[in-house]
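Student: Would you mind keeping the following structure in view while I ask a few things?
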Amino acid sequence: DKTKENWGIEPLPNLDFKIMQGNSLLEEYEGVKLFDEKLIASVDFDKQKLIESIKQKQSELQKEYLDLHAKNKLTKIKRAGLNEELRKLDKQLKGLNKQDNKTEEAAGLFDAQNEAKQKREMLKRLHKEFFETNEKEIKGKIKTQIEKIGWDLIEATLKEQNKISELKKIEKFKKSNTKPFFLWKLHFADVFEKGGFDIVIANPPYGANIPKEELSNIKLKLKDTNNLNSAAIFIDFGKNYLITTNGILSFIVPKSLLYSERWFSLVESMLGNVPILVDVEKAFENVKLEQVVFLYGHIIKKNSYLARKFLNNEFVSSTVISNDIPLGIKAWICDVSEFELSILKKLRNGSLIPLGSISETKRGVGLQEFLKDKGNYPVIGGINISRYCCRGIKGYLAKEDFENQKQKVAFMRQPKIISQDLIAHIQNPNPHILIASCLDLNGETFGLDTVQNTIINDNNYDIRYILGLLNCKFISWYTYKFIYCCAIRTMHFDNYYIGKILIPDISIENQKPFIEIVDKILAITKSSDYLENPAKKEEVKEYEKQIDQMVYKLYNLTDEEIKIVEGNER
């Protein structure tokens, strides 16, 4: 059809097509391995080679154990799993070291392998015939044969493991033709004989609903993350299990990968092997989440990566970024210009400290379901907060509603800065965010979990100085660019994120000009008619401009840098 966009485009003549559908990354069911690749491997009873192979596996598992322990990621479940694997290998090694190792079990395994090897060869032939034929009826018959051999090999594996009780469960799946597993090394035997795929390109599912039992088994196999979002799992499995040592992995995944605390261990595991990272914003019309694309390769060794922005069907920016920058700020920044990057480098070399070193931030109470029209305590939500001002309430809570929230209540009874949890993104005139924070000097305000509560735990910093910084233009710009990586949605202002804001380490004496102006603003915003009084709102705006100028001087920004921050240049 010449009217179609893809008219005239043909596949490369040397490509083989093999499309398989599966709904799992695991070759297991309820922790039981369903397919043992040694059943289709070449049979080799050379004793020394087998011993060397077992010792190599032991070494790999021991290294994994020590690496996880050093990173404080060795969970009880993972430790138990590794110890069990090492125990089995040790038992196997001791058996091989005996003089007479030609047991009936080995002979039985030989028979099983011989039979399975024949089935494997038949399976390879059937796969080839299936993908070469165009006859629907013939395809159907071949597919039935393929599925039967697959079930036969599963049964052979379970018998070899003496998992007789599991055969009944598998028989049920066989009858209903359902498979909550995917036998990668069976269906792609020719691929895994060579160590895996050369290239894996994917748009993995985001936030898929994975059954608890399957998720527990997946957790045992994760190497680089504890994040159980399905996209994070696919990244971990893709790079660690699916590609060869020379393989390439390219995924389009949620933008959370760039800035979220739960995702950053994946970034750490990939940096140095990623030559290019692309921010594609909302790549799919009906998907609200933003996406990024990365290219990963085991043998790629890079000290930097090319960060690009793809917008309206074209690349609008390209910046080379050293790997030490995302590692230093715990954010895989992408949508930044060379000039913006130079501002960050200057800040990192200055006398600045992370806000988290002098503060602690906690969310309010998640008690929305208990809200009433009347009660002992009025509570606010994020919607009630604006800059330097808090108006209205979300409802009331009774004393007994706080019974299991005593620690949070005690935390909120301190002088604190209260902020909206979800950061507002504003598209015009240029994309930016707006941090909105106000002050509760008496510790009287209780907030729901849509509110963040920040206490200052260092007497060398006045809470009003910090409030002025949080509400200024520069901090919103910095946070948008270098903490949230220019995200649009789902930016929470939790301790991890607010704690990364860099603030000037100045004396109380030098904080006084900020304190004086913030006091003037608070005197205006506490008046009951402030939100309806244009004159008062304009007066506050003028004071905010004064704070902005003071902040620019404090951070030693040039006129050109100020233009970037204020959005007059991009």
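Every number in this text was worked out from the coordinates using simple rules, so none of it is lab data. Treat the numbers as computed from the prediction; the structure is a model and nothing was measured. Glycine gets a Cβ as well: all are built from the backbone with ideal geometry, and neighbour counts include every protein chain shown.
Student: Going down the list LYS2/LYS239; LYS88/LYS219; LYS55/LYS301; LYS309/LYS520, which pairs span over 32 Å between their C-alpha atoms? Please list the in-between numbers first.
Tutor: Details: LYS2/LYS239 40 Å; LYS88/LYS219 21 Å; LYS55/LYS301 29 Å; LYS309/LYS520 42 Å.
Going by Cα-Cα distance, LYS2/LYS239; LYS309/LYS520 fall outside the 32 Å limit.
Student: Rounded to the nearest 0.05, what FRET efficiency do ALA70 and ASP559 give with R0 = 45 Å and r taken as the Cβ-Cβ distance? Could you check?
Tutor: About 0.40, to the nearest 0.05.
Student: Another question, then. If I stretch the segment between SER527 and GLN368 completely, what's the gain in nm (0.36 nm per residue apart, minus their alpha carbon distance), one decimal?
Tutor: The SER527-GLN368 span can extend by a further 54.4 nm.
Student: For region 225-327, what are Rg and Dmax over the alpha carbons, in angstrom?
Tutor: 13.4, 36
Student: Could you calculate the FRET efficiency of ARG391 with ASN240 from 1/(1 + (r/R0)^6), where r is the beta carbon distance between them and R0 is 60 Å, rounded to 0.05? Before the final figure, lay out the partial values.
Tutor: On the way: r = 51 Å, r/R0 = 0.86.
My answer for the efficiency is 0.70.
Student: Can I ask one more? Given a Förster distance of 30 Å, report the FRET efficiency between ILE201 and LYS63 from their Cβ-Cβ distance, rounded to the nearest 0.05.
Tutor: FRET efficiency, ILE201 to LYS63: 0.50.
Student: May I have the extent of the alpha carbons of region 353-565 along their three principal axes, as whole Å values ordered from largest to smallest?
Tutor: Cα extents, longest axis first: 55, 38, 37 Å.
Student: Which log10 I(q)/I(0) values, to two decimals, does region 373-412 give at q = 0.20, 0.31, 0.32 Å⁻¹ under the Debye formula with one point per Cα?
Tutor: -0.70, -1.03, -1.04
Student: Now for a separate question. With point charges of +1 on the Cβ of Lys and Arg and -1 on the Cβ of Asp and Glu, referenced to the Cα centre of region 452-551, which listed residue (TYR478, TYR543, ILE503) lies farthest in the positive direction of the dipole?
Tutor: With unit charges placed on the Cβ atoms, the residue in question is TYR478.
Student: Taking all pairs of different Cα atoms in region 367-440, averaging 1/r and flipping that mean, what Kirkwood radius in angstroms comes out?
Tutor: For region 367-440, inverting the mean 1/r across all distinct Cα pairs yields 13.9 Å.
Student: Using a 7 Å offset from the Cα along the Cα-to-Cβ direction at both ASP458 and ASN428, what is the distance between the two label points in nm, to one decimal?
Tutor: Calculated label separation equals 4.1 nm.
Student: Expressed as a rounded percentage, what relative contact order does region 302-390 have, with Cα pairs under 8 Å and six or more residues apart?
Tutor: 17 percent
Student: Let me ask something additional. How big, on average over all directions, is the shadow cast by the Cα convex hull of region 419-519, in nm²?
Tutor: On the way: hull surface 28.0 nm².
That works out to 7.0 nm², a quarter of the Cα hull's surface.
Student: Now, a different point. Report relative contact order for region 194-335 in percent, whole number only (criteria: Cα-Cα under 8 Å, sequence separation at least 6).
Tutor: Computed over region 194-335, the figure is 22 percent.
Student: Pull out the extension gain between LYS194 and ILE9, defined as 0.36 nm times the separation in residues minus the alpha carbon to alpha carbon distance; nm, one decimal.
Tutor: On the way: separation 185, 0.36 × 185 = 66.60 nm, distance 3.05 nm.
Answer, rounded to one decimal: 63.5 nm.
Student: Quick one: SER59, SER256, fewest Cβ neighbours within 10 Å first, how do they rank?
Tutor: Ascending number of Cβ neighbours within 10 Å: SER59, SER256.
Student: When a footprinting reagent is the concern and you count Cβ atoms within 10 Å, what order do CYS485, CYS389 take, fewest first?
Tutor: On the way: CYS485 26, CYS389 21.
Fewest-to-most Cβ neighbours within 10 Å comes out as CYS389, CYS485.
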